[in-house]
Amino acid sequence: MIKQSNLLCEVKNGVGYIKLNRPKALNALSVEMIEGLYKQLLEWKEDENVAFICLTGEGDKALCAGGDVRALYDHRDSNVEELAFKFFYTEYCMNLTMYLYPKPILVLMHGIVMGGGVGVAMPATHKIVTERTKWAMPEMNIGLYPDVGGSYFLSRMPGYFGRYLALTSRTIGPEDVLHIGGADYYLESAKWEELKNAIEEKSWTVTSASEELSSLLDSFCKKSGDNPPIAAIEEKINKHFAYDTMEEIVKSLEKAGNEGDAWCAETAKLIRTKSPTSLKVTLKQLIEGEEKDLIDCFKMELDMSMNFMKCHDFFEGVRSVLVDKDRNPKWNPASLEELSKDVVDGFFEYTWEEGKNPLEGFKG
Ligand code: QUE
């Protein structure tokens with residue numbers, strides 16, 4: 001059993017409980033937490049006394065607000081690539097292990113579920129949102145791109161929801177998360193205690209856990225939300241975000257905005273505040289991700305993440321959001337028009353010392 005203060009693990013009646021326990025940082029994942037989570041998942045994979053995993057976050061504010069990008073910022077002038085490799089490689093191994101896990105994973109997506117938090121929620125087989133769920137892939141705000149499997153799950157969402165959520169970094173609530181396929185169940189958080197007790201009182205076995213968990217959740221939860229706000233803008237999203245260049249997407253939104261569509265005008269304006277580099281790299285990432293399998297998506301992301309560690313906009317973005325908090329980043333280049341295709345393509349090529357991507361041949 002993994003023992004560390006920021007990750008609480010225990011087995012009870014056939015259930016492996018993992019609680020992210022760093023509430024002061026909204027349970028953002030440190031390298032240490034990622035390593036612990038990865039090791040615990042591997043240990044319980046083969047353990048006959050664990051029928052399924054139950055993942056939650058300490059406190060009522062967040063399941064998990066992301067990865068510890070602040071630590072990468074603090075290492076910007078020393079060996080950031082060494083830390084970045086350890087961080088991203090271990091995180092993606094952990095994410096992939098969850099996707100390929102032979103046992104059910106239940107996740108309670110209460111409060112903030114963003115970036116790296118979405119990364120640990122998305123692969124779960126039984127995903128529960130509550131009235132307090134705040135979901136986002138917010139990486140455009142910090143000059144990064146939507147990693148932790150975003151290439152895979154964003155590019156597979158209905159229509160162009162994935163592109164919309166990635167490129168605007170907008171936050172959505174529980175009904176919308178259900179609508180885009182980011183969760184399976186809705187539960188009022190006041191009823192979690194009762195559900196948890198029901199889980200704890202049962203004796204779970206490896207062979208029947210999946211079915212029995214589904215029927216228990218069916219008896220406690222709703223499976224869709226009433227009136228997801230995102231459904232009302234679905235047609236607009238699928239019209240304007242269908243283009244394969246950022247310039248076309250923004251121009252299409254601006255044109256509709258000039259013709260009187262306030263939502264389009266606002267959305268175009270919002271996108272214009274994001275890092276041009278992040279926007280163009282992300283659009284290419286989501287187009288490429290459509291055609292790649294799960295492991296190839298994570299391999300591409302590992303290359304991309306290492307390249308972002310050499311990118312001005314990432315450090316400037318973290319500075320503006322998490323360090324100085326002025327929310328006034330100076331992107332370089334400052335406009336979409338100044339950014340060439342060659343520079344964008346360069347983010348997808350990384351030269352590994354060993355000659356091949358370390359996720360090559362990943363088996364879980
Ligand atoms: C965009 C992001 C992140 C973010 C804010 C953004 C992100 C992230 C954090 C975060 C939050 C709280 C913490 C922490 C990090 O905030 O990825 O260490 O305590 O991890 O606008 O992508």
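Values computed for the structure shown
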{"read-out": "Highest-fluctuation residue, G181, G143, G289 considered, GNM on the chain with Cα pairs under 10 Å", "value": "G181"}
{"read-out": "Only Lys, Arg (+1) and Asp, Glu (-1) charged, at Cβ; region 54-99 dipole about Cα centre in debye", "value": "100 debye"}
{"read-out": "Principal-axis tilt of helix 262-272 within the chain, Cα atoms, nearest 10 degrees", "value": "80 degrees"}
{"read-out": "Residues D244, D342, D176, sorted so that the one with the fewest Cβ neighbours within 10 Å comes first", "value": "D342, D244, D176"}
{"read-out": "Inter-centroid distance (Cα atoms) of region 81-131 relative to region 12-75, Å", "value": "9 Å"}
{"read-out": "Sorted by Cβ density within 10 Å, fewest first, the residues L322, L7, L195", "value": "L322, L195, L7"}
{"read-out": "Gained length - S335 relative to D218, 0.36 nm times residue gap less alpha-carbon distance", "value": "37.3 nm"}
{"read-out": "Point-charge dipole on Cβ atoms (K/R +1, D/E -1) for the chain, about Cα centre, debye to 20", "value": "680 debye"}
{"read-out": "Potential lengthening between K255 and N79 on full extension [0.36 nm per residue; Cα-Cα distance subtracted]", "value": "58.8 nm"}
{"read-out": "Karplus-derived 3J(HN,Hα), 6.51/-1.76/1.60, for each residue of region 156-164, Hz, glycine and proline x", "value": "9, 5, x, x, 10, 4, x, 4, 4"}
{"read-out": "Whole-Hz ³J(HN,Hα) from phi, Karplus 6.51 cos²θ - 1.76 cosθ + 1.60, for region 326-335, glycine and proline x", "value": "7, 6, 10, x, 9, 6, 9, x, 8, 9"}
{"read-out": "E46-T351 pseudo-label distance in nm [points 7 Å out on the Cα-to-Cβ vector]", "value": "3.9 nm"}
{"read-out": "Virtual spin-label span in nm between V206 and E131, 7 Å along Cα→Cβ", "value": "4.1 nm"}
{"read-out": "Cβ-derived FRET efficiency at R0 22 Å, L270 paired with A231, nearest 0.05", "value": "0.65"}
{"read-out": "Cβ-placed point charges (K, R +1; D, E -1), dipole of region 273-327 about Cα centre in debye, nearest 20", "value": "300 debye"}
{"read-out": "Ordering of 326-335, 302-311 by packing [mean C-beta count within 10 Å, highest first]", "value": "302-311, 326-335"}
{"read-out": "Order of S278, S169, S214 under a 10 Å beta carbon neighbour criterion, fewest first", "value": "S214, S169, S278"}
{"read-out": "Radius 10 Å from Cβ of D147, net charge of other residues (Lys, Arg +1; Asp, Glu -1)", "value": "-3"}
{"read-out": "Gaussian network model of the chain, springs between alpha carbon atoms under 10 Å - residue of E353, E188, E43 with greatest fluctuation", "value": "E353"}
{"read-out": "Length added when fully stretched, K363-N197, from 0.36 nm per residue minus Cα-Cα", "value": "56.3 nm"}
{"read-out": "Estimated inter-spin distance, L8 and E247, nm [label 7 Å along Cα→Cβ]", "value": "5.4 nm"}
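Every number here is computed from the coordinates shown, using simple stated rules; none is lab data. Note that the structure is predicted; figures quoted are calculated from it, not measured. So basically every Cβ, Gly included, is an ideal-geometry build from the backbone, and we count neighbours across all protein chains shown.
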